[in-house]
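Trainee: Okay, handing you the structure first.
The values are calculated or read from the model by the stated rules, or taken from the named source; none is laboratory data. None of the values given here were measured: they were computed from a predicted structure. FYI the Cβ positions are ideal-geometry reconstructions off the backbone, even for glycines, and counts take in every protein chain you see. With ligands, DNA and RNA removed, areas are computed over all heavy atoms of the protein, side chains included. Shrake-Rupley method; radii C 1.70, N 1.55, O 1.52, S 1.80 Å.
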Amino acid sequence: MMQRFFVPVIVFGVLIGLWQGVIWATGVPRFILPSPIAVAQELYTNAQLIGVHTWITLQEVFLGFVIGAVLGLLSAITLAEFPWARRVARPLLVISQAIPVFALAPILTLWLGFGMASKVTMAVLIIYFPITSAFFDGLTHTPQGYLDIAQTMNGRKNRILWHIRIPAALPKLGSGLRLAAVYAPLGAVIGEWVGSSQGLGYLMLLANGRSKPELMFASVAVLALVSLTLYLAIDAALRRAGY
């Protein structure tokens, strides 16, 4: 436990040291790369402002993650159980991943407006495929021995699904959820970049437009912390559940 705590701290310290070392070695201007001390001061000075925008992004990320996870679970089960669904939906899923997410953000803003709905939808879209793909892969690769035993005992299809195939697929689902935890903040922030008056993405654009690199880097640091915290929370929950 102690090792799991100290290793990230040491890595973080090394990265901060490298950051400051680059500034000392190159003399890069502050408007290109502010020092970590200046960013820390900005975090302290504008803690309330950053906190307000962080709370908005957190809401978008949480809603997007929950909705995307539920839709991914239901979609994967549907695809695994019904051949017609695989023929219809799988090509659409693949095509949807060929469209850059940045191209979808303006369309969602046009359809859903500048409020939270477009950002939540963006987060849902960006995490839906990893969860669906991972869980579907697990459902279609149940160990054959489990299925043979169930068929020998005349198990019904729905009972085999709920008592054998889904439990066997949970480790794959765990991998998809961990990946989605990293992607969810990205989806919300992309939506904020395209059109918003709140959130960390909006704060980054505002800081950039007003030539406040310290505030921009502080917003990026908080966003990284949000992503890391969400990932660690999901990972800890899955580990506790044995996955």
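Trainee: Can you pull the Rg over Rh of the stretch 191-243, Cα-only, Kirkwood?
Mentor: The Rg/Rh ratio comes out at 1.21.
Trainee: Treating the stretch 100-179 as a set of equal point scatterers at the Cα positions, no solvent, please give the Debye-formula log₁₀ I(q)/I(0) at q = 0.13 Å⁻¹.
Mentor: Ignoring solvent entirely, the Cα scatterers give -0.56.
Trainee: So, R0 is 45 Å and r is the distance between the beta-carbons of W84 and R240; what FRET efficiency does that work out to, to 0.05?
Mentor: With a Förster radius of 45 Å, E is 0.75.
Trainee: Within the stretch 11-39, find all residues whose amide N lies under 16 Å from a label point positioned 7 Å from the Cα of T45 along Cα-to-beta-carbon.
Mentor: Output list for this probe position: 30-39.
Trainee: Let me ask you something else. Placing +1 on the Cβ of each Lys and Arg and -1 on the Cβ of each Asp and Glu in the chain, which of G72, Y183, G201 has its Cα farthest towards the positive end of the resulting dipole?
Mentor: G72
Trainee: Moving on to the next point. So how tilted is helix 47-81 from the main axis of the chain? Cα-based, degrees 0 to 90, rounded to 10.
Mentor: 20
Trainee: Next up: Compute the relative contact order of the stretch 40-197 as a whole-number percentage, counting only Cα pairs closer than 8 Å that sit 6 or more residues apart in sequence.
Mentor: That works out to 35 percent.
Trainee: Report the calculated FRET efficiency for L71 and T152 (r = Cβ-Cβ distance, R0 = 22 Å), to the nearest 0.05.
Mentor: Result of the calculation: an efficiency of 0.05.
Trainee: Still on this structure: I'd like the distance between the alpha-carbon centres of the stretch 66-91 and the stretch 149-208, rounded to an integer number of Å.
Mentor: Answer, in whole Å: 13.
Trainee: Okay, moving on. Using a simple spin-label model with points 7 Å from Cα along the Cα→Cβ vector, what separation in nm is obtained for L206 and L92?
Mentor: 3.8
Trainee: Rounded, prolate or oblate: pick one for the stretch 56-130, where a ≥ b ≥ c are the square roots of the eigenvalues of its C-alpha gyration tensor, a/c under 1.5 means rounded, and failing that, prolate if a/b is larger than b/c, else oblate.
Mentor: Oblate, because a/c is 1.5 or more while a/b does not exceed b/c.
Trainee: Let me test this: with uniform point scatterers at the alpha carbons of the stretch 32-72, what is the Debye-based log₁₀ I(q)/I(0) at q = 0.20, 0.29, 0.30 1/Å?
Mentor: Taking Cα atoms of the stretch 32-72 as identical point scatterers yields -0.69, -0.90, -0.92.
Trainee: Give the aspartates and glutamates whose C-alpha is closer than 16 Å to that of K157, dropping any in the same chain fewer than 8 places away, or say none.
Mentor: Once the sequence-local aspartates and glutamates are set aside, what remains near K157 is E81, D148.
Trainee: Right, next: Express the accessible area of the stretch 26-170 per residue in Å², computed with a 1.4 Å probe while the remaining protein chains stay in the model.
Mentor: 59
Trainee: Hey, any idea what % of the stretch 7-165's accessible area is carbon plus sulfur with a 1.4 Å probe?
Mentor: In the stretch 7-165, the share of accessible area belonging to carbon and sulfur is 73 percent.
Trainee: A follow-up question, please. With label points built 7 Å along Cα→Cβ from the Cα atoms of I99 and F31, find their separation and express it in nm.
Mentor: For the pair I99/F31, the computed spacing is 3.9 nm.
Trainee: Okay, moving on. For the chain, set up a GNM with springs between Cα atoms under 10 Å and report which of G115, G27, G64 has the largest fluctuation.
Mentor: G27
Trainee: Taking all protein chains together and a probe of 1.4 Å, list D235, D148 from the most accessible to the least accessible.
Mentor: If we order D235, D148 from most to least accessible, we get D148, D235.
Trainee: Just from its helices, what would the mean residue ellipticity at 222 nm be for the chain, if runs of 4 or more DSSP H residues each count -39500 (n - 2.57) and the sum is divided by every residue, rounded to the nearest 500 deg cm²/dmol?
Mentor: The per-residue figure over the chain is -28000 deg cm²/dmol.
Trainee: Rg and Dmax of the stretch 40-167, using alpha carbons, in Å: what are they?
Mentor: Taking only Cα atoms of the stretch 40-167, I get Rg and Dmax of 20.2, 68 Å.
Trainee: With springs only between Cα atoms under 10 Å, which of Q97, Q41, Q151 fluctuates most in a Gaussian network model of the chain?
Mentor: Q151
Trainee: Quick check: with the 1.4 Å probe, what order do V101, V88 take by accessible area, largest first?
Mentor: I get V88, V101, largest accessible area first.
Trainee: In addition: With springs only between Cα atoms under 10 Å, which of F65, F12, F114 fluctuates most in a Gaussian network model of the chain?
Mentor: Among F65, F12, F114, the largest GNM mean-square fluctuation belongs to F12.
Trainee: For helix 83-98, report the angle its Cα long axis makes with the longest principal axis of the Cα atoms of the chain; keep it between 0 and 90° and round to the nearest 10°.
Mentor: It works out to around 20 degrees.
Trainee: Can I ask one more? For helix 116-139, report the angle its Cα long axis makes with the longest principal axis of the Cα atoms of the chain; keep it between 0 and 90° and round to the nearest 10°.
Mentor: Approximately 40 degrees, to the nearest ten.
Trainee: Toward the positive end of the charge dipole of the chain, about the Cα centre and with charges on Cβ (Lys, Arg +1; Asp, Glu -1), which of V52, F31, Q41 goes farthest?
Mentor: V52
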